[in-house]
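S.K.: This is the structure, below, for whatever I ask next.
Laboratory data are not the source of any read-out in this text; all were calculated from the coordinates shown. Being a predicted model, the structure only gives us computed values, none of them experimental. Positions of Cβ are backbone-derived with ideal geometry, glycine not excepted, and every protein chain shown enters the neighbour counts.
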Amino acid sequence: MNLKNVKKSDVIKILHEHHVKIIVIIGALGILLVLMSNVFSKSSQKNNNINSKIVNLEEKRVQLEQNLEKIISSIHGAGKAKILITFENNSEIIYATEEKINKLASEDKSNGEITRKKETDDCERKFMTIKDSNGAEKAVVLTEIEPKVKGVLVICPGGDDVLVKKRIIEAVTTVLNINSTHVCVTKSN
């Protein structure tokens, strides 16, 4: 192709056509990336919420064990304590609900007397929701019930002394509000 024969207006026209195509392609790619990031962020948020609850429960358990170790180690005669705590279940989340109760009553009459009376209650319950900043609907959380302690194991050098064992059990049952049958104290080597 001879450049001398090409008109300036033809060159501008060709460049203009290519610029429009490039801009349209870049715009479409940008929209596609935004849509894909929303999909991936929503799924990762769900996984992060579940994982964070598991991590939070584990962190709480470790923190509770460490606090009890400090307390029990300071009891006269106990020595350096090691603690293991187990839970009955995971934490439970209570969501806000709204109820609609429909009562229906009917009577069958024969010769002016009631022969049969029937009453029914129909209850419809649904979760109350709110929209978050992303526009997604989420159930309203009323409260979160912490898991109950199932048992506590205390291992310490003074664990075989009856008086020390009694003091440790009293401390653990008071702090955790559990029955003494859920606490085991034993001597470490």
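S.K.: Would you please state which residues of the range 65-98 a label at residue 128 would reach in this model, taking the label point 7 Å out along Cα→Cβ and a backbone N cut-off of under 12 Å?
M.R.: 95-98
S.K.: Short version: ³J(HN,Hα) in whole Hz for each residue of the range 99-113, in order, from phi by Karplus 6.51 cos²θ - 1.76 cosθ + 1.60 (θ = phi - 60°), x for Gly and Pro, what are they?
M.R.: Those phi angles translate into 10, 10, 10, 10, 10, 10, 10, 9, 10, 10, 10, 9, 6, x, 10 Hz.
S.K.: Could you check the spin-label model distance between residue 186 and residue 58? Points 7 Å from the Cα along Cα→Cβ, value in nm.
M.R.: In this crude label model, residue 186 to residue 58 measures out at 2.5 nm.
S.K.: Now for a different question. What whole number of Å gives the distance from the Cα centroid of the range 134-149 to the Cα centroid of the range 54-129?
M.R.: Using only Cα atoms, the two centres lie 12 Å from each other.
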